Amino acid sequence: MVDGSLQNRVCLVTGASRGIGVAIARAAAVAGAAVAVNYRSSRRQAELLVEELRDLGHQAITVQADVGSSSDVAKMYTTIERELGPVSLLVNNAGVSLRELVTHTSDEQWELVMNTNLKGPFLCCRQALPNMIRNRWGRIVNIVSIWGLLGASCESVYAASKGGLVLFTKSLAKEVGPSGITVNALAPGPVETDMLAEELTGPELQDLAEQIPVGRLGSPEDVAAICVFLLSSAANYINGQVIPVDGGWTA
């Protein structure tokens, strides 16, 4: 991640104010990309990340947008292009979780999860693709989830949103591959983030770690390292793949 493999590229990371998004933004900057750190409401965390990256000599900006809003996404891309240049690397990381029985799930909860986790990547891809197609080069990485592959009790809506993103990834890869653009997805298993800590207790997390062959939960950096590889030219021949990052949990 320190070889300049993303030099002269502009990378947008959505939901980059915490967790996996922060790690991906850092790794992309270290690899040489100019990074746009997207956030919806966590402005201060995003600003602190950008300050950190700039202090280390990297080029980075914050961009506020609700990725589920087409007008917000359009404004975000206008800002990025004006300040950094056209986006050639897109990481659709923004996501919200929902642990709830289907019978207790409201219309508003369904819409929030689907708008963020599925509509958001669609809108961001739609905005990025014309420039990528013109240049006949681009990289898109969607952050899905193991639950999008396996399903999960009490997380039906979340799993459905991520499962939809899995098939969107595979389909879009076939659509834009002839234009020099690759589209792949990473499916993290349990990763030590605020989102996971909000859902599970300490003993539950410990029990989960003991089920994983490598003996620990994943870290955001585990996901970021593979993401940066997929964004690089070294991954030219990897397209339409969904790669589990789970320590062998689902092997």
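The values are calculated or read from the model by the stated rules, or taken from the named source; none is laboratory data. This structure is a prediction, so every number in the text was calculated from the model and none was measured. As a convention, Cβ positions derive from the backbone with ideal geometry for all residues, glycine included, and neighbour counts pool all protein chains shown. Each accessible area value is taken on the protein alone, full model and side chains, heavy atoms only, with ligands, DNA and RNA left out. Shrake-Rupley method; radii C 1.70, N 1.55, O 1.52, S 1.80 Å.
The table below lists the values:
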quantity	calculated
Rounded tilt (10° steps) of 43-55 against the dominant C-alpha axis of the chain	50
DSSP bridge pairs, the chain: antiparallel proportion in percent, nearest 5	0
Inter-probe distance in nm under a simple model that places probes 7 Å from Cα toward Cβ, at Leu208 and Ala74	3.9
Surface share of carbon and sulfur [accessible, 1.4 angstrom probe, percent] for the chain	51
Between helix 220-231 and the chain: long-axis angle, C-alpha atoms, 0 to 90°, nearest 10	40
Spin-label proximity, Glu199 to the range 131-149 - amide N less than 15 Å from point 7 Å beyond Cα toward beta carbon	143-149
Point-to-point label distance, Leu112-Arg54, nm (Cα→Cβ direction, 7 Å offset)	3.2
Flagged links, alpha-carbon separation over 21 Å, of Lys119/Lys174; Lys75/Lys174; Lys75/Lys162	Lys75/Lys174; Lys75/Lys162
Local net charge near Asp55, Cβ-Cβ under 15 Å (Lys/Arg +1, Asp/Glu -1)	-1
Alpha-carbon centroids, the range 3-51 and the range 110-182: separation in whole Å	19
Surrounding net charge for Asn93, when Lys and Arg each add one and Asp and Glu each subtract one, Cβ distance under 13 Å	+4
5 angstrom amide H check on Ile243, placed H, neighbours 5+ away	Ala185, Leu186, Ala187
Solvent-accessible area per residue for the chain (1.4 angstrom probe, square angstrom)	46
